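Novice: Mind having a look at this structure? Questions to follow.
The values are calculated or read from the model by the stated rules, or taken from the named source; none is laboratory data. If you're wondering where the values come from, they're calculated on a predicted model, not measured in any experiment. Using ideal geometry, Cβ is built from the backbone for each residue, glycine included, and neighbour counts are taken over all protein chains shown. Keep in mind that these areas ignore ligands, DNA and RNA; they rest on the heavy atoms of the full protein, side chains included. Shrake-Rupley method; radii C 1.70, N 1.55, O 1.52, S 1.80 Å.
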Amino acid sequence: MKVTVIGTGYVGLVTGACLADAGNTVFCLDLNKEKIQLLNEGKIPIFEPGLEPIVKRNEQAGRLIFSTDVAASVAHGEIQMIAVGTPPSEDGSADMQHVIAAARSVGRHMEGYKVVVTKSTVPVGTADKVKHAIIEEHKKRGRGSDFTVVSNPEFLKEGAAVEDFMRPDRIIVGSDDARAIALLRQLYAPFQRNRERIIVMGVRSAELTKYAANSMLAARISFMNELANLAEVIGADIEEVRRGIGSDPRIGYQFLYAGAGFGGSCFPKDVKALQRSALEAGRPLRLMHAVEEVNEAQKHVLAEKIEKHFANDLKGKTIALWGLAFKANTDDMREAPSVTLIGDLARAGAFVRAYDPAARHEARKLFSGKKEVAIVDSADAALEGADALAIVTEWQEFRSPDFAAIKAKLKSPAIFDGRNLYDPSALKAQGIAYYPIGRKT
Ligand SMILES: NC(=O)c1ccc[n+]([C@@H]2O[C@H](COP(=O)([O-])OP(=O)(O)OC[C@H]3O[C@@H](n4cnc5c(N)ncnc54)[C@H](O)[C@@H]3O)[C@@H](O)[C@H]2O)c1
(Lines give C-alpha, C1' and ligand atoms only; values in the text may rest on other atoms or scores of the structure.)
Protein backbone atom coordinates (compact mmCIF):
# COMPACT_ATOMS: atom_id res chain seq x y z
CA MET A 1 0.00 0.00 0.00
CA LYS A 2 1.04 3.62 -0.38
CA VAL A 3 1.15 5.43 2.93
CA THR A 4 2.15 8.95 3.94
CA VAL A 5 3.34 9.64 7.47
CA ILE A 6 3.31 13.30 8.47
CA GLY A 7 5.93 14.06 11.14
CA THR A 8 9.08 11.94 11.55
CA GLY A 9 9.58 12.07 15.31
CA TYR A 10 9.65 9.06 17.64
CA VAL A 11 6.20 7.92 16.50
CA GLY A 12 6.28 8.93 12.83
CA LEU A 13 9.72 7.53 12.06
CA VAL A 14 9.06 4.21 13.78
CA THR A 15 5.62 3.94 12.15
CA GLY A 16 6.99 4.78 8.70
CA ALA A 17 9.94 2.39 9.00
CA CYS A 18 7.86 -0.53 10.31
CA LEU A 19 5.13 -0.06 7.69
CA ALA A 20 7.80 0.03 4.96
CA ASP A 21 9.35 -3.13 6.40
CA ALA A 22 6.04 -4.92 5.80
CA GLY A 23 6.29 -4.05 2.08
CA ASN A 24 4.40 -0.77 1.92
CA THR A 25 5.84 2.29 0.18
CA VAL A 26 5.96 5.00 2.80
CA PHE A 27 6.48 8.71 2.25
CA CYS A 28 7.68 10.38 5.47
CA LEU A 29 7.10 14.12 5.52
CA ASP A 30 8.62 16.52 8.00
CA LEU A 31 8.91 20.31 7.87
CA ASN A 32 12.21 20.15 9.74
CA LYS A 33 14.74 20.32 6.88
CA GLU A 34 17.69 19.30 9.08
CA LYS A 35 15.91 16.12 10.17
CA ILE A 36 15.02 15.16 6.60
CA GLN A 37 18.56 15.89 5.43
CA LEU A 38 19.98 13.64 8.17
CA LEU A 39 17.56 10.85 7.25
CA ASN A 40 18.46 11.18 3.59
CA GLU A 41 22.13 10.86 4.55
CA GLY A 42 21.24 7.55 6.24
CA LYS A 43 21.50 8.99 9.77
CA ILE A 44 18.84 8.49 12.45
CA PRO A 45 18.03 11.68 14.41
CA ILE A 46 16.81 9.79 17.50
CA PHE A 47 18.11 6.94 19.64
CA GLU A 48 15.70 4.03 19.34
CA PRO A 49 16.95 0.43 19.63
CA GLY A 50 16.61 -1.59 16.42
CA LEU A 51 15.36 1.30 14.31
CA GLU A 52 18.46 2.10 12.25
CA PRO A 53 18.76 -1.16 10.26
CA ILE A 54 15.05 -1.07 9.41
CA VAL A 55 15.27 2.51 8.16
CA LYS A 56 18.40 1.75 6.15
CA ARG A 57 17.18 -1.42 4.44
CA ASN A 58 13.85 0.11 3.49
CA GLU A 59 15.40 3.35 2.29
CA GLN A 60 17.77 1.31 0.12
CA ALA A 61 14.86 -0.77 -1.18
CA GLY A 62 13.09 2.44 -2.20
CA ARG A 63 10.16 1.79 0.14
CA LEU A 64 10.96 4.64 2.54
CA ILE A 65 11.10 8.20 1.24
CA PHE A 66 12.00 11.23 3.38
CA SER A 67 11.00 14.64 2.13
CA THR A 68 9.80 18.12 3.01
CA ASP A 69 7.65 18.28 -0.12
CA VAL A 70 4.08 18.69 1.17
CA ALA A 71 2.31 18.40 -2.20
CA ALA A 72 4.21 15.21 -3.07
CA SER A 73 3.45 13.73 0.34
CA VAL A 74 -0.30 14.31 -0.06
CA ALA A 75 -0.23 12.91 -3.59
CA HIS A 76 1.57 9.75 -2.40
CA GLY A 77 -0.61 7.96 0.12
CA GLU A 78 -4.25 6.97 0.08
CA ILE A 79 -3.64 6.75 3.83
CA GLN A 80 -2.34 10.00 5.37
CA MET A 81 -1.15 9.43 8.93
CA ILE A 82 -0.72 12.48 11.12
CA ALA A 83 2.05 11.82 13.69
CA VAL A 84 3.11 15.38 14.56
CA GLY A 85 3.73 16.63 18.09
CA THR A 86 0.94 17.73 20.44
CA PRO A 87 2.91 19.52 23.17
CA PRO A 88 1.21 21.13 26.16
CA SER A 89 -0.08 24.71 25.81
CA GLU A 90 0.19 27.28 28.60
CA ASP A 91 -3.10 26.12 30.13
CA GLY A 92 -2.17 22.41 29.98
CA SER A 93 -4.39 21.60 27.00
CA ALA A 94 -2.82 19.82 24.03
CA ASP A 95 -1.47 22.31 21.49
CA MET A 96 -3.21 21.27 18.28
CA GLN A 97 -1.58 23.72 15.89
CA HIS A 98 0.64 21.10 14.22
CA VAL A 99 -2.19 18.59 13.81
CA ILE A 100 -4.48 21.20 12.27
CA ALA A 101 -1.68 22.53 10.04
CA ALA A 102 -1.04 18.98 8.81
CA ALA A 103 -4.76 18.47 8.18
CA ARG A 104 -4.93 21.74 6.24
CA SER A 105 -2.06 20.78 4.00
CA VAL A 106 -3.79 17.48 3.21
CA GLY A 107 -7.00 19.39 2.42
CA ARG A 108 -5.12 21.88 0.26
CA HIS A 109 -3.48 19.30 -1.99
CA MET A 110 -5.63 16.19 -2.00
CA GLU A 111 -7.03 14.63 -5.15
CA GLY A 112 -9.12 11.48 -4.84
CA TYR A 113 -10.13 9.46 -1.77
CA LYS A 114 -7.95 9.79 1.34
CA VAL A 115 -8.12 8.23 4.78
CA VAL A 116 -6.72 10.79 7.20
CA VAL A 117 -5.51 9.00 10.31
CA THR A 118 -4.69 10.82 13.55
CA LYS A 119 -1.87 8.90 15.22
CA SER A 120 -0.84 11.79 17.42
CA THR A 121 -2.35 11.82 20.91
CA VAL A 122 -5.23 14.25 20.56
CA PRO A 123 -8.15 15.38 22.73
CA VAL A 124 -11.64 14.06 22.16
CA GLY A 125 -13.25 16.00 19.33
CA THR A 126 -10.07 16.41 17.30
CA ALA A 127 -11.27 14.19 14.44
CA ASP A 128 -14.12 16.67 13.93
CA LYS A 129 -11.67 19.58 13.93
CA VAL A 130 -9.44 17.80 11.42
CA LYS A 131 -12.47 17.15 9.22
CA HIS A 132 -13.54 20.81 9.37
CA ALA A 133 -10.02 22.04 8.61
CA ILE A 134 -9.95 19.86 5.49
CA ILE A 135 -13.43 21.00 4.41
CA GLU A 136 -12.38 24.65 4.85
CA GLU A 137 -9.41 24.05 2.56
CA HIS A 138 -11.71 22.41 0.02
CA LYS A 139 -13.97 25.47 0.12
CA LYS A 140 -10.98 27.76 -0.47
CA ARG A 141 -10.02 25.69 -3.52
CA GLY A 142 -13.60 25.62 -4.73
CA ARG A 143 -13.45 21.81 -4.99
CA GLY A 144 -12.78 18.84 -2.83
CA SER A 145 -12.71 15.08 -2.84
CA ASP A 146 -13.94 12.26 -0.69
CA PHE A 147 -12.14 11.59 2.60
CA THR A 148 -12.68 10.19 6.04
CA VAL A 149 -10.93 10.88 9.36
CA VAL A 150 -9.97 7.94 11.56
CA SER A 151 -8.51 7.97 15.05
CA ASN A 152 -5.70 5.43 15.44
CA PRO A 153 -3.75 6.41 18.55
CA GLU A 154 -0.26 5.02 18.99
CA PHE A 155 0.75 3.00 22.06
CA LEU A 156 4.43 2.34 21.36
CA LYS A 157 6.93 2.91 24.16
CA GLU A 158 10.14 4.81 23.50
CA GLY A 159 13.04 2.42 24.04
CA ALA A 160 10.98 -0.53 22.76
CA ALA A 161 9.12 1.28 19.99
CA VAL A 162 10.03 -1.04 17.12
CA GLU A 163 9.08 -4.16 19.08
CA ASP A 164 5.83 -2.52 20.21
CA PHE A 165 4.91 -1.50 16.68
CA MET A 166 5.78 -4.88 15.18
CA ARG A 167 3.95 -6.81 17.92
CA PRO A 168 1.22 -4.53 19.26
CA ASP A 169 -1.01 -5.52 22.19
CA ARG A 170 -3.89 -3.79 20.44
CA ILE A 171 -4.58 -1.53 17.49
CA ILE A 172 -7.34 0.95 18.20
CA VAL A 173 -9.31 2.09 15.17
CA GLY A 174 -11.87 4.81 15.85
CA SER A 175 -14.22 5.02 12.87
CA ASP A 176 -17.65 4.05 11.60
CA ASP A 177 -16.61 4.12 7.94
CA ALA A 178 -16.46 0.57 6.55
CA ARG A 179 -14.14 1.47 3.67
CA ALA A 180 -11.60 3.15 5.96
CA ILE A 181 -11.76 0.32 8.51
CA ALA A 182 -11.12 -2.23 5.75
CA LEU A 183 -8.07 -0.27 4.56
CA LEU A 184 -6.62 -0.12 8.08
CA ARG A 185 -7.27 -3.83 8.59
CA GLN A 186 -5.27 -4.48 5.43
CA LEU A 187 -2.48 -2.12 6.54
CA TYR A 188 -2.14 -3.72 9.96
CA ALA A 189 -2.63 -7.36 8.88
CA PRO A 190 1.15 -8.10 8.92
CA PHE A 191 1.39 -6.99 12.57
CA GLN A 192 -1.29 -9.26 14.03
CA ARG A 193 -0.67 -12.65 12.56
CA ASN A 194 -1.43 -14.92 15.52
CA ARG A 195 -4.60 -13.15 16.64
CA GLU A 196 -6.77 -10.18 15.82
CA ARG A 197 -5.55 -7.09 17.64
CA ILE A 198 -7.70 -4.45 16.01
CA ILE A 199 -10.41 -3.03 18.24
CA VAL A 200 -12.87 -0.92 16.26
CA MET A 201 -14.76 1.72 18.20
CA GLY A 202 -16.26 5.19 17.91
CA VAL A 203 -13.84 8.01 17.08
CA ARG A 204 -14.33 9.76 20.41
CA SER A 205 -13.83 6.55 22.38
CA ALA A 206 -10.59 5.92 20.47
CA GLU A 207 -9.34 9.41 21.27
CA LEU A 208 -10.21 8.98 24.95
CA THR A 209 -8.71 5.46 25.11
CA LYS A 210 -5.20 6.82 24.54
CA TYR A 211 -5.50 9.36 27.37
CA ALA A 212 -7.14 6.76 29.61
CA ALA A 213 -4.26 4.31 29.09
CA ASN A 214 -1.52 6.84 29.85
CA SER A 215 -3.42 8.31 32.79
CA MET A 216 -3.97 4.87 34.32
CA LEU A 217 -0.26 4.06 34.06
CA ALA A 218 0.69 7.46 35.49
CA ALA A 219 -1.77 6.87 38.35
CA ARG A 220 -0.09 3.57 39.23
CA ILE A 221 3.28 5.31 39.44
CA SER A 222 2.02 8.17 41.59
CA PHE A 223 0.21 5.68 43.83
CA MET A 224 3.43 3.75 44.41
CA ASN A 225 5.44 6.93 44.94
CA GLU A 226 3.05 8.20 47.56
CA LEU A 227 3.07 4.81 49.30
CA ALA A 228 6.89 4.73 49.11
CA ASN A 229 7.12 8.03 50.95
CA LEU A 230 4.79 6.66 53.59
CA ALA A 231 6.73 3.36 53.80
CA GLU A 232 9.90 5.30 54.61
CA VAL A 233 8.43 6.93 57.68
CA ILE A 234 6.58 3.90 59.03
CA GLY A 235 9.37 1.37 58.55
CA ALA A 236 7.97 -0.61 55.60
CA ASP A 237 9.81 -1.42 52.37
CA ILE A 238 8.04 -0.47 49.11
CA GLU A 239 9.87 -3.22 47.17
CA GLU A 240 8.40 -5.85 49.49
CA VAL A 241 4.99 -4.23 49.16
CA ARG A 242 5.37 -4.15 45.35
CA ARG A 243 6.02 -7.88 45.24
CA GLY A 244 3.17 -8.49 47.64
CA ILE A 245 0.55 -6.65 45.60
CA GLY A 246 1.98 -7.34 42.12
CA SER A 247 1.41 -11.06 42.65
CA ASP A 248 -2.35 -10.38 42.57
CA PRO A 249 -3.30 -10.92 38.91
CA ARG A 250 -5.87 -8.14 39.20
CA ILE A 251 -2.97 -5.76 39.94
CA GLY A 252 0.08 -7.26 38.16
CA TYR A 253 3.71 -6.17 38.43
CA GLN A 254 3.93 -3.62 35.64
CA PHE A 255 4.25 0.10 36.41
CA LEU A 256 4.45 -0.47 40.15
CA TYR A 257 7.93 0.93 40.70
CA ALA A 258 8.50 3.78 43.10
CA GLY A 259 11.05 6.29 41.89
CA ALA A 260 11.96 9.89 41.23
CA GLY A 261 8.68 10.68 39.45
CA PHE A 262 7.55 10.07 35.89
CA GLY A 263 8.64 12.21 32.97
CA GLY A 264 8.86 11.88 29.22
CA SER A 265 7.02 13.34 26.31
CA CYS A 266 3.72 11.61 27.05
CA PHE A 267 2.58 10.99 30.64
CA PRO A 268 3.01 14.53 32.02
CA LYS A 269 1.41 16.24 29.03
CA ASP A 270 -1.35 13.66 28.59
CA VAL A 271 -2.35 13.77 32.27
CA LYS A 272 -2.53 17.58 31.96
CA ALA A 273 -4.42 17.55 28.67
CA LEU A 274 -7.02 15.06 29.92
CA GLN A 275 -7.62 17.20 32.99
CA ARG A 276 -8.02 20.26 30.80
CA SER A 277 -10.55 18.50 28.53
CA ALA A 278 -12.44 17.27 31.58
CA LEU A 279 -12.53 20.75 33.07
CA GLU A 280 -13.87 22.18 29.81
CA ALA A 281 -16.53 19.46 29.79
CA GLY A 282 -17.56 20.43 33.33
CA ARG A 283 -16.38 17.12 34.83
CA PRO A 284 -13.06 17.81 36.56
CA LEU A 285 -10.94 14.69 37.18
CA ARG A 286 -9.93 14.93 40.86
CA LEU A 287 -7.93 11.74 40.71
CA MET A 288 -5.74 12.95 37.82
CA HIS A 289 -5.17 16.24 39.61
CA ALA A 290 -3.75 14.26 42.54
CA VAL A 291 -1.64 12.08 40.22
CA GLU A 292 -0.01 15.18 38.79
CA GLU A 293 0.46 16.85 42.17
CA VAL A 294 2.11 13.74 43.65
CA ASN A 295 4.41 13.50 40.63
CA GLU A 296 5.50 17.13 40.76
CA ALA A 297 6.47 16.68 44.42
CA GLN A 298 8.19 13.35 43.75
CA LYS A 299 10.58 14.91 41.25
CA HIS A 300 12.09 16.87 44.17
CA VAL A 301 12.43 13.94 46.59
CA LEU A 302 15.96 12.97 45.56
CA ALA A 303 17.23 16.55 45.92
CA GLU A 304 15.62 16.74 49.36
CA LYS A 305 17.42 13.56 50.43
CA ILE A 306 20.73 14.93 49.14
CA GLU A 307 20.26 18.25 50.93
CA LYS A 308 19.39 16.50 54.17
CA HIS A 309 22.44 14.23 53.94
CA PHE A 310 24.68 17.28 53.55
CA ALA A 311 22.91 19.16 56.40
CA ASN A 312 21.37 21.63 53.92
CA ASP A 313 24.73 22.85 52.75
CA LEU A 314 25.43 21.93 49.15
CA LYS A 315 27.56 24.98 48.37
CA GLY A 316 30.72 23.84 46.61
CA LYS A 317 29.66 20.19 46.61
CA THR A 318 29.84 18.10 43.44
CA ILE A 319 27.15 15.52 42.74
CA ALA A 320 27.76 12.80 40.17
CA LEU A 321 24.59 12.03 38.24
CA TRP A 322 23.98 8.79 36.37
CA GLY A 323 21.12 8.98 33.91
CA LEU A 324 19.60 11.97 32.14
CA ALA A 325 17.00 10.42 29.84
CA PHE A 326 13.52 10.16 31.35
CA LYS A 327 13.86 6.37 31.19
CA ALA A 328 16.34 3.78 29.93
CA ASN A 329 16.89 3.02 26.25
CA THR A 330 15.97 6.45 24.97
CA ASP A 331 17.69 9.80 24.47
CA ASP A 332 14.45 11.67 25.21
CA MET A 333 14.82 14.21 28.02
CA ARG A 334 11.41 15.85 27.77
CA GLU A 335 10.12 16.45 31.34
CA ALA A 336 12.89 14.18 32.67
CA PRO A 337 13.24 14.06 36.50
CA SER A 338 16.99 14.58 35.96
CA VAL A 339 16.28 18.13 34.78
CA THR A 340 14.33 18.92 37.96
CA LEU A 341 17.09 17.39 40.10
CA ILE A 342 19.84 19.34 38.35
CA GLY A 343 17.82 22.54 38.80
CA ASP A 344 17.33 21.86 42.54
CA LEU A 345 21.01 21.02 43.08
CA ALA A 346 22.21 24.05 41.13
CA ARG A 347 19.93 26.36 43.12
CA ALA A 348 21.40 24.90 46.31
CA GLY A 349 24.91 25.78 45.09
CA ALA A 350 26.07 22.32 43.97
CA PHE A 351 27.88 21.38 40.78
CA VAL A 352 26.68 18.36 38.76
CA ARG A 353 28.76 15.95 36.68
CA ALA A 354 26.25 14.00 34.63
CA TYR A 355 26.50 10.98 32.37
CA ASP A 356 23.95 9.16 30.23
CA PRO A 357 24.63 6.41 27.69
CA ALA A 358 22.35 7.96 25.03
CA ALA A 359 21.12 11.42 26.04
CA ARG A 360 24.43 13.33 26.24
CA HIS A 361 23.87 15.10 22.95
CA GLU A 362 20.39 16.16 24.03
CA ALA A 363 21.68 17.21 27.48
CA ARG A 364 24.50 19.30 26.00
CA LYS A 365 21.92 21.23 23.97
CA LEU A 366 19.67 21.63 27.02
CA PHE A 367 22.40 22.76 29.44
CA SER A 368 24.59 24.67 27.00
CA GLY A 369 26.11 27.71 28.72
CA LYS A 370 25.19 26.40 32.19
CA LYS A 371 28.34 26.42 34.30
CA GLU A 372 26.84 24.35 37.12
CA VAL A 373 26.55 21.23 34.92
CA ALA A 374 29.16 19.20 33.05
CA ILE A 375 28.00 16.42 30.74
CA VAL A 376 30.72 13.77 30.71
CA ASP A 377 31.31 10.69 28.57
CA SER A 378 31.38 7.83 31.07
CA ALA A 379 29.90 6.76 34.39
CA ASP A 380 33.43 6.79 35.83
CA ALA A 381 34.13 10.31 34.63
CA ALA A 382 30.99 11.52 36.41
CA LEU A 383 32.48 10.31 39.72
CA GLU A 384 35.69 12.36 39.32
CA GLY A 385 35.93 14.78 42.25
CA ALA A 386 32.32 14.07 43.28
CA ASP A 387 31.06 14.09 46.84
CA ALA A 388 28.13 11.73 46.23
CA LEU A 389 26.29 9.90 43.45
CA ALA A 390 22.66 10.27 42.37
CA ILE A 391 20.93 7.90 39.94
CA VAL A 392 17.84 8.88 37.98
CA THR A 393 17.65 6.52 34.99
CA GLU A 394 17.57 2.72 35.17
CA TRP A 395 20.10 2.01 32.41
CA GLN A 396 21.37 -1.57 32.46
CA GLU A 397 24.99 -0.42 32.79
CA PHE A 398 24.22 1.17 36.18
CA ARG A 399 22.74 -1.96 37.71
CA SER A 400 25.83 -3.78 38.85
CA PRO A 401 28.67 -1.30 39.30
CA ASP A 402 31.95 -1.78 41.17
CA PHE A 403 30.86 -0.41 44.55
CA ALA A 404 34.37 -0.50 46.00
CA ALA A 405 35.58 1.73 43.14
CA ILE A 406 32.64 4.10 43.65
CA LYS A 407 33.40 4.29 47.37
CA ALA A 408 37.03 5.05 46.69
CA LYS A 409 36.13 7.92 44.35
CA LEU A 410 33.39 9.65 46.34
CA LYS A 411 34.46 12.12 49.02
CA SER A 412 31.40 11.29 51.12
CA PRO A 413 30.38 7.82 49.92
CA ALA A 414 26.65 8.10 49.47
CA ILE A 415 24.31 6.93 46.70
CA PHE A 416 20.91 8.55 46.17
CA ASP A 417 19.03 6.04 44.08
CA GLY A 418 15.92 7.35 42.33
CA ARG A 419 15.32 3.95 40.72
CA ASN A 420 15.85 1.51 43.59
CA LEU A 421 18.51 -0.39 41.64
CA TYR A 422 20.51 -1.85 44.52
CA ASP A 423 20.20 -4.14 47.50
CA PRO A 424 20.35 -1.93 50.60
CA SER A 425 22.14 -4.57 52.68
CA ALA A 426 24.91 -4.97 50.08
CA LEU A 427 25.59 -1.22 50.16
CA LYS A 428 25.56 -1.21 53.94
CA ALA A 429 28.20 -3.97 53.89
CA GLN A 430 30.29 -1.79 51.55
CA GLY A 431 30.07 1.12 53.95
CA ILE A 432 28.21 3.33 51.48
CA ALA A 433 25.32 5.46 52.74
CA TYR A 434 22.36 4.43 50.60
CA TYR A 435 19.21 6.48 50.00
CA PRO A 436 16.69 4.64 47.82
CA ILE A 437 12.99 5.55 47.49
CA GLY A 438 10.69 4.00 50.08
CA ARG A 439 13.04 1.20 51.10
CA LYS A 440 14.27 0.02 54.48
CA THR A 441 18.02 0.67 54.68
N1 LIG B 1 6.97 9.61 21.88
C2 LIG B 1 6.19 8.61 22.26
O3 LIG B 1 6.62 7.66 22.94
C4 LIG B 1 4.74 8.58 21.87
C5 LIG B 1 4.00 7.40 22.01
C6 LIG B 1 2.68 7.39 21.63
C7 LIG B 1 2.08 8.53 21.12
N8 LIG B 1 2.81 9.68 21.02
C9 LIG B 1 2.16 10.87 20.45
O10 LIG B 1 2.53 10.96 19.08
C11 LIG B 1 2.68 12.32 18.69
C12 LIG B 1 4.09 12.56 18.15
O13 LIG B 1 5.01 12.34 19.21
P14 LIG B 1 6.58 12.28 18.96
O15 LIG B 1 7.21 11.97 20.27
O16 LIG B 1 6.85 11.42 17.78
O17 LIG B 1 6.84 13.81 18.57
P18 LIG B 1 8.19 14.49 18.04
O19 LIG B 1 8.20 15.85 18.60
O20 LIG B 1 9.34 13.56 18.27
O21 LIG B 1 7.98 14.55 16.46
C22 LIG B 1 7.01 15.34 15.83
C23 LIG B 1 7.53 15.66 14.42
O24 LIG B 1 6.49 16.31 13.68
C25 LIG B 1 7.08 17.29 12.85
N26 LIG B 1 6.03 18.23 12.41
C27 LIG B 1 5.39 19.17 13.14
N28 LIG B 1 4.45 19.78 12.37
C29 LIG B 1 4.51 19.20 11.15
C30 LIG B 1 3.77 19.38 9.95
N31 LIG B 1 2.77 20.26 9.85
N32 LIG B 1 4.10 18.63 8.88
C33 LIG B 1 5.08 17.71 8.97
N34 LIG B 1 5.80 17.49 10.08
C35 LIG B 1 5.51 18.23 11.17
C36 LIG B 1 8.16 17.89 13.72
O37 LIG B 1 9.12 18.57 12.95
C38 LIG B 1 8.71 16.64 14.42
O39 LIG B 1 9.78 16.07 13.68
C40 LIG B 1 2.33 13.14 19.93
O41 LIG B 1 0.97 13.46 19.88
C42 LIG B 1 2.60 12.17 21.08
O43 LIG B 1 1.82 12.47 22.21
C44 LIG B 1 4.13 9.71 21.35
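Novice: Could you pull out every residue, at least 5 positions away or on a different chain, whose amide H is within less than 5 Å of the one on I171? Hs are placed 1.01 Å off N in the peptide plane, and Pro or chain starts have none.
Specialist: I198, I199
Novice: Sticking with this structure for a sec: With +1 on the Cβ of every Lys and Arg and -1 on the Cβ of every Asp and Glu, and nothing else charged, how large is the dipole of the stretch 209-351 about its Cα centre, in debye rounded to the nearest 20?
Specialist: 300
Novice: When only C-alpha pairs under 8 Å and at least 6 residues apart count, what is the relative contact order of the chain, in percent?
Specialist: 12
Novice: Give me the extension gain from K371 to D313: residue separation times 0.36 nm, minus the current Cα-Cα distance, reported in nm with one decimal.
Specialist: So the extension gain works out to 19.0 nm.
Novice: Can you work out the FRET efficiency for the pair I234 and E280, with r the C-beta to C-beta distance and R0 = 35 Å, to the nearest 0.05?
Specialist: Efficiency for this residue pair is about 0.30.
Novice: When the Karplus curve 6.51 cos²θ - 1.76 cosθ + 1.60 is applied with θ = phi - 60°, which whole-Hz ³J(HN,Hα) does each residue of the stretch 151-165 get, with x for Gly and Pro?
Specialist: Those phi angles translate into 9, 9, x, 9, 10, 5, 9, 4, x, 9, 5, 5, 4, 5, 5 Hz.
Novice: Roughly how far apart, in whole Å, are the Cα centres of the stretch 197-216 and the stretch 244-278?
Specialist: Result: 16 Å between the Cα centres.
Novice: Can you send over the carbon and sulfur percentage of the accessible area for the stretch 353-440, probe radius 1.4 Å, protein chains only?
Specialist: 47
Novice: Would you work out which of A213, G385, H76 lies farthest towards the positive end of the dipole of the chain? Charges go on Cβ: Lys and Arg +1, Asp and Glu -1.
Specialist: H76
Novice: Share of Cα-Cα pairs in the stretch 121-221 beyond 22 Å, in percent?
Specialist: So the pairs more than 22 Å apart make up 40 percent of the total in the stretch 121-221.
Novice: Still on this structure, I have one more. Could you list, in their original order, any pairs among K210/K327; K140/K269; K33/K114; K43/K157 whose Cα atoms are separated by more than 23 Å?
Specialist: K140/K269; K33/K114
Novice: Let me ask something else about it. May I ask what percent, to the nearest 5, of DSSP beta bridges between residues of the chain are antiparallel?
Specialist: For the chain, the DSSP antiparallel bridge percentage is about 5.
Novice: Also, I was wondering about something else. Find, to one decimal place in angstroms, the Kirkwood hydrodynamic radius of the chain, where the mean of 1/r is taken over every pair of different Cα atoms and then inverted.
Specialist: Radius from the Kirkwood sum: 23.4 Å.
Novice: Residue by residue through the stretch 350-356, what is 3J(HN,Hα) from phi via Karplus (6.51 cos²θ - 1.76 cosθ + 1.60, θ = phi - 60°)? Round to whole Hz and write x for glycine and proline.
Specialist: 8, 10, 10, 10, 10, 9, 8
Novice: Right, next: Excluding ligands and nucleic acids, what accessible area in Å² is computed for W395 using a 1.4 Å probe, to the nearest 10?
Specialist: 20
Novice: Going Cα to Cα from K131, which aspartates and glutamates come in below 12 Å? Please leave out same-chain ones fewer than 8 positions away.
Specialist: Here the aspartates and glutamates satisfying the reach criterion relative to K131 are D146.
Novice: Separation of the stretch 288-309 and the stretch 53-124 by C-alpha centroid, Å?
Specialist: Each part's Cα centre sits 37 Å from the other's.
Novice: Tell me, Kirkwood radius of the stretch 111-163 from alpha-carbon pair distances, in Å?
Specialist: Answer for the stretch 111-163: a Kirkwood hydrodynamic radius of 12.8 Å.
Novice: How large is ³J(HN,Hα), in whole Hz, for each residue of the stretch 318-330 in order, when computed from phi with the Karplus curve 6.51 cos²θ - 1.76 cosθ + 1.60 and θ = phi - 60°, using x for Gly and Pro?
Specialist: Result, ordered by residue: 10, 10, 7, 10, 9, x, 10, 4, 5, 7, 6, 6, 9 Hz.
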